[in-house]
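Student: Take a look at the following structure, please.
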Amino acid sequence: MTETVRVRPLAAGDWDAVVALERDAYTGLGLSEGRAALQSRAAASPDTCFVADVGARTAGYLLALPYPPHRYPDLTRTEGPPGGQPASGPGNLHLHDIVVAPGLRRRGVARRLLHHLTATARARGDERISLVAVGGTEPFWSARGFVAEPGVVPAGAYGGGAVYMSRPVTAARQTGARPSLSPPARTLREVS
């Protein structure tokens with residue numbers, strides 16, 4: 001990629017692009033949440049939600065929020081009151097959603113977003129990052145240090161084959177390899 005990838009906090013002007021990316025990634029899986037749910041998740045933890053830009057283009061986004069271990073957002077509901085958090089203080093940071101624009105996958109955009117999230121989790125004092133892998137992405141996340149915790153996600157909540165996974169925050173520092181983190185078109189629904 002000749003243009004620089006810049007990761008920055010999610011801003012109010014980003015929502016049209018974020019909603020379009022989310023819709024394109026998850027509608028085929030029956031998991032698209034819509035603007036209100038996405039905005040409620042970002043409002044619950046604005047310091048852990050990011051956008052990646054490549055030049056002037058929104059290349060991808062990541063939504064994460066504190067959640068107790070083995071719990072995850074309900075795709076049919078918005079988060080509590082704006083500014084409210086499902087879990088108080090650091091502990092487990094749940095990677096709800098990460099999407100990269102189809103034309104920019106396999107160029108390090110998702111890797112940059114995940115590294116940024118890991119650094120943020122470390123600075124917050126979080127011990128773990130969790131997610132729900134959907135659409136057959138469990139092997140992708142396993143290769144990045146996430147371990148499946150079977151039986152956590154109720155059948156059908158995130159589609160067939162959804163798997164709750166987590167890893168210690170320190171795992172990112174321990175891995176020497178820098179694998180490509182461009183999720184497949186049917187990304188994890190870190191919408192876990």
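Student: Ignoring everything but the protein chains, give the 1.4 Å probe accessible area of Glu149 in square angstrom, nearest 10.
Tutor: In the full protein context, Glu149 sits at about 50 Å².
Student: Next question. Using amide H atoms built in the peptide plane, which far-off residues or other-chain residues are under 5 Å from Asp126 H to H?
Tutor: Gly91
Student: Under 5 Å between amide H atoms, partner at least 5 residues away or on a different chain: which partners does Gly60 have, H built in plane at 1.01 Å?
Tutor: Placed amide hydrogens put Ala52, Ala101 under 5 Å from Gly60.
Student: Starting from 0.36 nm per residue, how many nanometres of slack lie between Ala123 and Thr27 once their C-alpha separation is accounted for?
Tutor: My answer for the length gained is 31.2 nm.
The values are calculated or read from the model by the stated rules, or taken from the named source; none is laboratory data. Quick caveat: nothing in here was measured; it's all calculated off a predicted structure. Areas reflect the complete protein model, heavy atoms only, side chains present, ligands, DNA and RNA absent. Shrake-Rupley method; radii C 1.70, N 1.55, O 1.52, S 1.80 Å.
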